[in-house]
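Enquirer: Supplied in structure tokens, the structure appears directly below.
Each reported figure results from applying straightforward, stated rules to the coordinates on display, with no laboratory input. Since the structure is predicted, the reported quantities are computational estimates derived from the model, not experimental observations. So basically every Cβ, Gly included, is an ideal-geometry build from the backbone, and we count neighbours across all protein chains shown.
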Amino acid sequence: MKYPKNELAQSVIASCIAQGIEQVVISPGSRNAPLTIGFTHHPAVKTYSIVDERCAAFVALGIAQQTKKPVVVLCTSGSALLNYYPAVAEAYYSDIPLVILSADRPAHLIDIGDGQTIRQKNVFESHSLYNANLEENKLHENKELLETAIRISLNQKGPVHINVPFDEPLYDTVSEMLKIPKVKQTINQDTLGEETPLDVDFLQSYANRWNMAEKKMVLVGSHDPDALLQTQLEHFLKDPSVLVFTETISNNRHSKFINQIDQLIIPLEEESLKAFQPEILLTIGGMVVSKKIKQFLRKYQPKEHWHVDSKKAWDSYHCLTKHFKISPQLFFSQFFFLTKNKDSNYQEQGVQLKETRQQLHAHFLEKVAFSDLKVFDIVLQSIPKDCNLQLSNSSIVRYSQFFEISPGIRVFCNRGTSGIDGSTSTAIGAAMTTKESTFFITGDVSFFYDSNALWNQYIPSNFRIILINNDGGGIFKIIPGPKNSEVLEYFETPHGLEASFLCAMHNLEYESAETEAELIDSLQSFYNESSMPKLLEIKTPSEINDLVLQDYLNKIK
């Protein structure tokens, strides 16, 4: 085995191994050579070489999203590091453990005109949980900084940055590797047995208010699949005064949950909206996709808004009154012993309206023209159960909210920052570390923007991309403003591109469809086993997509 001769590099690698790091995504370079040599030769670590740094960081984020363990992403010095920033911000807001390792020039070479140097220390300070700046010849101090950084990333669920300066020589090797004893990590997994329950008398005061209220809304944002939480949310259905709203990426679904929030809310008139105003809003999970529910709750604010999360609470509706710093699972396991059902027609009204909307939805889609909306109807019904579904941002995740998705499908999306920049890379990273098949639905602008994601030799053969190509950012025809700006082409960015040449270059099977019949025919075999990943490009008419959606919203009233 060859390991770096550099003592600082040895210390970093040994500390990472001791802290339980198992996967490292490396962006090739020279200044990070000591770490690259060490990680790639160490038997305890699985390494990947991803050239494009922006893609590499999102690949690492996708791996960490699925494993729930910190993943290292490693780069050389200079501007390479800055390309990690979009993924760092996403990890910060989505609570995903990510360890950024950046090689740097020694301090005496910074700001003197030396090549490939920038000010790297604390560069992610606004969007990282911890920043460690290592120094040569300080083995003990470096070990403490490394241990602290990785522990924080794991337990507080987010990105940390470790900056490592290296002087030349960079490529000298030795046969022995420094060993640091394994550190026993206490992982904060939000399990009931590892948390401190709330004081019962304290919780009783909130339960008393809950029991008096006739209109209680439970809203679930982005959340990983969780069988216990699903069961607990279903318990709310026994109380007629509780209405449960869940999003596509909440991974909680039930026939009596409001699973299609926008479908229910968008057509409502003022009087009907006011009737849905809750007295108490209880929220769990992360970011909420639906802009309409945000607008609704900001205008028709509840008297009390409680958020349950062991880490943080966003005041999204400008009326947050209580943050219960505990996992939802433990909170509900205590809270339900203190609650009583309240006579009310709140839940019944919501569920009846949902059923009406679904009937109108089905009737409309039977006759609708081939368009983005119709494509979603066909595609979402075709996806096999027991898979991971990754969604890109913008119109893709928003369209998904109009449809039922099978409970066996686990749904993920980069909603921390809601950017389109790394959706494909994240989906591929997730696919690289899961046994289940991963399917990815994306729009054309997001896909072409992140096309270097396909420059990746580790894409599994069961990975599938469904590319809905409407020749531009269709979201800008849907949202108010851009269409009337007289410069729509600068918002929508029509491009005339198709994905066939990218697929040929990167060894993906390519299929295309431009009609409903072609799409149905292609989907018959699209999910079958194959020797390489596949992409299905669905071309939809950009000139009618927004008109179809508007007609849909009018017809489901």
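Enquirer: Between residue 272 and residue 114, what length in nm is gained on full extension when 0.36 nm per residue of separation is reduced by their alpha carbon distance?
Expert: Once the chain is fully extended between residue 272 and residue 114, it gains 50.3 nm.
Enquirer: Let me ask you something else. If you take all C-alpha pairs in segment 198-349, what percent of them are over 23 Å apart?
Expert: Numbers: 3396 of 11476 pairs.
So the portion of pairs separated by more than 23 Å is 30 percent.
Enquirer: Continuing with this model, one more query. Over segment 59-124, with a single point scatterer placed on each C-alpha, what log10 of the ratio I(q)/I(0) does the Debye formula yield at q = 0.18, 0.24, 0.29 1/Å?
Expert: Results for segment 59-124 at q = 0.18, 0.24, 0.29 Å⁻¹ read -0.66, -0.97, -1.25.
Enquirer: Just from its helices, what would the mean residue ellipticity at 222 nm be for the chain, if runs of 4 or more DSSP H residues each count -39500 (n - 2.57) and the sum is divided by every residue, rounded to the nearest 500 deg cm²/dmol?
Expert: On the way: 21 runs with 209 residues, N = 557.
Helix contribution divided over all residues of the chain: -11000 deg cm²/dmol.
Enquirer: Write out the trypsin sites (Lys or Arg not before Pro) in segment 165-273 meeting two conditions: DSSP loop, and at most 12 other Cβ atoms within 10 Å of their Cβ. Display every interim value, and only then the final one.
Expert: On the way: sites: 179, 182, 184, 209, 215, 216, 238, 253, 256; in loops: 179, 182, 184, 215, 253, 256.
Passing both the DSSP loop test and the Cβ count: 179, 182, 184.
Enquirer: Quick one: if the Förster radius is 45 Å, what FRET efficiency do residue 369 and residue 531 give, using the C-beta to C-beta distance and rounding to 0.05?
Expert: Details: r = 36 Å, r/R0 = 0.81.
Using R0 = 45 Å, I get an efficiency of 0.80.
Enquirer: Moving to a separate point now. For labels at residue 121 and residue 299 in the simple 7 Å Cα→Cβ model, what's the distance in nm?
Expert: Using points 7 Å along Cα→Cβ, the separation is 5.1 nm.
Enquirer: Can you list the aspartates and glutamates whose alpha carbon is less than 20 Å from that of residue 311, not counting same-chain residues fewer than 8 positions off?
Expert: Leaving aside aspartates and glutamates fewer than 8 places away in the same chain, those within reach of residue 311 are 90, 95, 125, 190, 194, 195, 199, 224, 226.
Enquirer: Mind pulling the angle between the C-alpha long axis of helix 346-367 and the longest principal axis of the chain? Nearest 10 degrees, somewhere in 0 to 90.
Expert: Value to nearest ten degrees: 80.
Enquirer: Let me ask something else. State, to one decimal in nm, how far the label point of residue 497 lies from the label point of residue 234, with both points 7 Å from Cα in the Cβ direction.
Expert: 4.5
Enquirer: So in the chain, what percent of DSSP beta bridges are antiparallel if you round to the nearest 5? Working shown, then result.
Expert: Numbers: 2 of 70 bridges.
Close to 5 percent.
Enquirer: Continuing with this model, one more query. Rounded, prolate or oblate for the chain? Axes are the square roots of the Cα gyration tensor eigenvalues, ordered a ≥ b ≥ c, and the cut-off for rounded is a/c under 1.5. Write out the running numbers ahead of the final one.
Expert: Numbers: a/c = 2.12, a/b = 1.34, b/c = 1.58.
Here the chain falls in the oblate category.
Enquirer: Angle check, please: helix 7-18 long axis (alpha carbons) against the longest principal axis of the chain (alpha carbons), in degrees 0 to 90, nearest 10.
Expert: That works out to roughly 40 degrees.
Enquirer: Which trypsin sites (Lys or Arg not before Pro) in segment 320-354 pass both tests, a DSSP loop state and at most 12 other beta-carbon atoms within 10 Å?
Expert: Details: sites: 322, 325, 340, 342, 354; in loops: 325, 340, 342.
The qualifying sites are 340.
Enquirer: To continue, here is another question. Evaluate E = 1/(1 + (r/R0)^6) for residue 179 and residue 254, where r is the Cβ-Cβ distance and R0 equals 45 Å; express this FRET efficiency to the nearest 0.05.
Expert: Numbers: r = 51 Å, r/R0 = 1.14.
The value I calculate is 0.30.
Enquirer: Write down the Kirkwood hydrodynamic radius of segment 3-168, to one decimal in angstroms, obtained as one divided by the mean of 1/r over all alpha carbon pairs.
Expert: Working: mean 1/r = 0.0656 Å⁻¹.
For segment 3-168, inverting the mean 1/r across all distinct Cα pairs yields 15.2 Å.
Enquirer: Check which residues have an amide H placed less than 5 Å from residue 512's amide H, if you skip close sequence neighbours.
Expert: So residue 512 has HN proximity to 537.
Enquirer: Right, another one. In nm, what is the difference between 0.36 nm times the number of residues separating residue 343 and residue 555 and their Cα-Cα distance? Mind dumping the intermediate values first?
Expert: Numbers: separation 212, 0.36 × 212 = 76.32 nm, distance 3.28 nm.
Stretched out fully, the residue 343 to residue 555 stretch lengthens by 73.0 nm.
Enquirer: Could I ask something else about it? Compute the long axis of helix 542-555 from its Cα atoms, compare it with the longest principal axis of the Cα atoms of the chain, and write down the angle in degrees, 0 to 90, nearest 10.
Expert: So the inclination is approximately 40 degrees.
Enquirer: A further question follows. Using only alpha carbon pairs under 8 Å that are at least six residues apart, calculate the relative contact order of segment 193-282 and give it in whole percent. Let's see the in-between values first.
Expert: Working: 101 pairs, mean separation 30.0, N = 90.
Computed over segment 193-282, the figure is 33 percent.
Enquirer: Are any of the pairs 435/534; 143/182; 256/340; 5/121; 216/385 more than 21 Å apart by Cα-Cα distance, and if so, which? Numbers along the way, then the final one.
Expert: On the way: 435/534 17 Å; 143/182 12 Å; 256/340 19 Å; 5/121 24 Å; 216/385 32 Å.
Beyond 21 Å between Cα atoms: 5/121; 216/385.
Enquirer: Add +1 for every Lys or Arg and -1 for every Asp or Glu among the other residues with Cβ under 10 Å from the Cβ of residue 299, and state the total. Provide the component values of the computation, followed by the final result.
Expert: On the way: positive: 274, 294, 298; negative: 270.
That works out to +2.
Enquirer: Further question on the same structure: Relative contact order (percent) for segment 368-555, with alpha-carbon contacts under 8 angstrom and 6 or more residues of separation? Let's see the in-between values first.
Expert: On the way: 307 pairs, mean separation 44.2, N = 188.
Relative contact order comes out at 24 percent.
Enquirer: Scanning the chain for GluC sites (Glu not before Pro) in DSSP loops with at most 10 other Cβ atoms within 10 Å, what's the longest stretch left with none? It would help to have the intermediate numbers written out before the result.
Expert: Working: sites that count: 176, 269, 486, 529.
Between exposed loop sites, the widest span is 270-485.
Enquirer: Continuing with this model, one more query. Pull out the extension gain between residue 314 and residue 435, defined as 0.36 nm times the separation in residues minus the alpha carbon to alpha carbon distance; nm, one decimal.
Expert: Working: separation 121, 0.36 × 121 = 43.56 nm, distance 3.39 nm.
Between residue 314 and residue 435, full extension yields 40.2 nm more.
Enquirer: Remind me, relative contact order of segment 113-166 in percent, using alpha carbon pairs under 8 angstrom and six or more residues apart?
Expert: On the way: 61 pairs, mean separation 22.9, N = 54.
So the answer I get is 42 percent.
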